[in-house]
Every structure is written in C-alpha cells, then in structure tokens.
Amino acid sequence: MVKSFYETTHHFRTNHLKNDPLEELREPLSKALDLNEDDFNSLSPEVKNLLSGRRRLGANWLDDFEVVAEVISENGCDCGVKIGQKAVFDMRHRLKPELSDMVCCMNLLSPVLAIFYMTFDRASEGLNPLTRVWTHYECVKTKDSLAENKARVKVYLRDSKTHQIVTSAVLDKS
Amino acid sequence: MTIKFDATDKNIEIVAKVAHVRHCANFIKENEIFVFDLEGRLLPSKSTANLCLGILARIQPALMIARERFQCGLDPLPVTVPYLDCFDTGIDFGGMGKVTVELLVRKAS
C-alpha cells in the first residue's frame, strides 16, 4: 500500500505555502546563505513560514527591532550581573555587545533563546514578534536556596532606532 | 588525555572554535571563535564570531561541566563532548543552517 505524503515525512502537516515559491526571496537568500536552486526548492514548510514573516512585518523587520533582557533580580548571583543591566539582541538572536552593559553570563542568557523560536513563528502570523506570555527568564543554576535566589531578567521588544518599547499586539503591515 | 591543572590558576579560558558551517543565516564562519571564562561568561571582546544565541546556548552546559572539572583539578574539557552543534536543525531537517564548534582550552591573554 502506498503511504501518503504525511505518513512519510516529518514536516508540519499543513503546508501553508505549498504553492508559493517565495520568488522575491529566492535571489537574495540564495546568495546570502550559499543555497543552490535545489537547496532553495527543498526548503521545508517550516522554514518557508519563517521566511514569510517579511511579508507581514516588512522586509526589514529583522533589523527594525531588538530584544532586550533586563536584569530584575541579582540575589545569589556569583557572576556579577546587577539589577537594571541589559543584554541586547538583534532579531537574528545575535548579542549586540556594543549595546549591552551586563556581563554575558550564559547561565542567565541561554534560556532567552526560547524567545527567538517564538519570534519567527509570531512574525509569520503578523503578530508582535515578542511573546506576551513568556517574558521572564532566570539563571539555570539551582543553589542551596532551592531556586529561591536567582538572577532573573524580564524581556521586551524595542524599536532598534528609537529604543521605544513596542507592545502592540499586532504589527502586520500586509 | 587528562591533564592535571593547577586549580588555583584561573588564568584559562574556554574557546569554542567553529569547526564546520553550513548555510548559517548568522554568517558564522569556520575558525572563528567564542571565548568564555571559567565562570561561564562569554567574553565578547575576545570572540570573533557573530554572537548567535543558537550556538552559545548549546555551549552553556559544557561550561558548567568545565568549571566543575577544573575545580576538581581535571582538564576542564570532558573528552566525551569534543564538539557541539547549534540548535538550528539544518536545511535537511526543517531548519536552515548548522554550526559545529570544537571546545578548546587556552591560557587567558
């Protein structure tokens, strides 16, 4: 018996962009990421959804915003982070050290990666790329206080030029 | 080989050197490095690669292991984890790119 496509693939069941070749992205993306035609044609439904965020939030949305992780708790921290200090990321989840003033403790900053899995997903739907739910993160080290004392950050989105905090629920420009 | 380190000498750094790259959207290139101190802190001024959290977060557990091993007087790097790769699953498995780093130890400059 011949199996259906969805029984033989590990991809998301609904391919929203099945008939969309993403023509406007083909040339710049192929050049930037060293993709040949076969590579581009084989982009998964998941990646096509990710790339389609440009249509909703604008072609430059990855440059238009920044994610800021601001320290709100320093109790029990050995690494030297202080309340009010910030780590700033671009929307490609790269740290911007020139805009950051906190020591880059990976025990505190690693959990923030989860934010960026959600930003691409939300952008493809035209939403504010920053989650409205998962906005606080904490150090992964659990000490003798049994997680009572930890360094913690709150996370917010800001305009990369004006540094105004962006809280609108929907940013769709399409 | 395990090397006996002087546990009082904190003058070492953990280096993650990029060993392989495929279609990285953050333009990380082979032989670029990420540098950390023994407290698990990234040192941006000593790092040459774009500071992508997708690979940095993958390295973080190894930094905790390295610190513990160092405090025990052992070579900070566990021999069973010479390489680490980023959280992007790569173009063949629903993702885009893939970066692999090799962990090294060096004397702090």
Once both axes come from the Cα atoms, what is the angle between helix A:23-33 and the longest principal axis of chain A, in degrees from 0 to 90, rounded to 10? 60
With n ≥ 4 as the cut-off for DSSP H runs, can you work out [θ] at 222 nm for chain A, using -39500 (n - 2.57) per run divided by the number of residues, rounded to the nearest 500? -6500 deg cm²/dmol
Interchain or sequence-distant (5+) residues whose placed amide H lies within less than 5 Å of the amide H of A:R94 are B:L53
Relative contact order for chain A using alpha-carbon pairs under 8 Å, separation at least 6, rounded to a whole percent? 24
Along Cα→Cβ, 7 Å out, is where each label goes; now give me the distance between the ones at B:T48 and B:I65 in nm to one decimal. 2.6
Once normalised by the length of chain B, the mean sequence separation of its alpha carbon contacts under 8 Å that are 6 or more apart gives a contact order in percent of 36
By DSSP, what percent of the beta bridges with both residues in the range A:43-174 are antiparallel, rounded to the nearest 5? 100
Amide H of A:S160: which non-local residues (sequence gap of 5 or more, or other chain) have their own amide H closer than 5 Å, using H built in the peptide plane? A:F65, A:E66
Can you give me the relative contact order of the range A:24-105 as a percent, contacts being Cα pairs under 8 Å and 6 or more apart? 19
Mind checking the angle between helix A:113-123 and chain A's longest principal axis? C-alpha axes, 0 to 90 degrees, to the nearest 10. 40
Per the charge dipole of the protein assembly as shown (beta-carbon charges, Lys/Arg positive, Asp/Glu negative, Cα centre), the residue among A:V140, A:F116, A:N128 reaching farthest to the positive end is A:V140
From the cross-link list A:K86/A:K150; A:K82/A:K141; A:K82/B:K29; A:K31/B:K98; A:K96/B:K17, the entries with a Cα-Cα span beyond 23 Å are A:K82/B:K29
Calculated [θ] (222 nm, deg cm²/dmol) that DSSP helices of n ≥ 4 give over chain B, each run adding -39,500 (n - 2.57): -6000 deg cm²/dmol
Taking H placed 1.01 Å from N in the peptide plane, check which residues at least 5 places from A:H11 or on another chain put their amide H under 5 Å from its amide H. none
Chain B: angle of helix B:53-71 to the longest principal axis, Cα-based, in degrees nearest 10: 10
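Every number here is computed from the coordinates shown, using simple stated rules; none is lab data. Since this is a predicted model, take the numbers as computed values, not measurements. Here Cβ is always computed from backbone atoms with ideal geometry, including for glycine, and neighbour counts include all displayed protein chains.
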